[in-house]
Amino acid sequence: MALAKTHIKKDDTVMVITGKSAGNTGKVLQVLPASGKVIVEGINVVKRHTKPTQKNPQGGIMDKPAAIDLSNVMLYCGKCKKVTRISMKTVDGKLVRQCKHCGEILK
């Protein structure tokens, strides 16, 4: 299986553009390129019935963020407060990502 090409990285802020959570923003916790999905903090939270373990001796019903497809999220620029595509730019010999709207360099 081929890995999905993505411009989204861990710790980026993204906005959900389609689905039940459309319009919500959150921080990317994990990128899953093999399945073409991302896990976003506070988005697509599901209930999990868990057995008691040493880590969680109580067990019970837990909230857990589930994966969302890469095509349903876009990178969010904190400066211009918009979703954006990115352009690549060389700064000090390093390739960095830049907001298409305002030119802000994204981490």
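Please treat every number below as a calculation from the coordinates, not as lab data. Keep in mind it's a predicted model, so treat the numbers as computed, not measured. Here the Cβ positions follow ideal geometry from the backbone for every residue, glycine too, while neighbour counts run over all protein chains shown.
Touching a helix residue (DSSP H, G or I) at 6+ places or on another chain (Cβ under 9 Å) and either surrounded by 11 or more Cβ atoms within 10 Å (Cβ to Cβ) or polar (S, T, N, Q) (or both): which single residue out of G36, G42, G103 fits that description? Checking each option against the conditions leaves just G36.
A residue that is part of a strand (DSSP E or B) and at positive phi occurs nowhere in segment 12-19. So how many residues does segment 72-107 have that are outside any strand (DSSP E or B) and in contact (Cβ under 8 Å) with a residue 12 or more places away in the chain? The number of residues fulfilling the criteria is 10.
Of all residues in segment 25-71, count the ones that are in a loop (DSSP other than H, G, I, E, B) and either among the β-branched types (V, I, T) or within 29 Å of A2 (Cβ to Cβ) (or both).
Residues meeting the conditions: 9.
For segment 9-30, filtered to residues that are surrounded by fewer than 18 Cβ atoms within 10 Å (Cβ to Cβ) and of a type in the set (A, V, I, L, M), the residue that is farthest from V83 (Cα to Cα) is L29.
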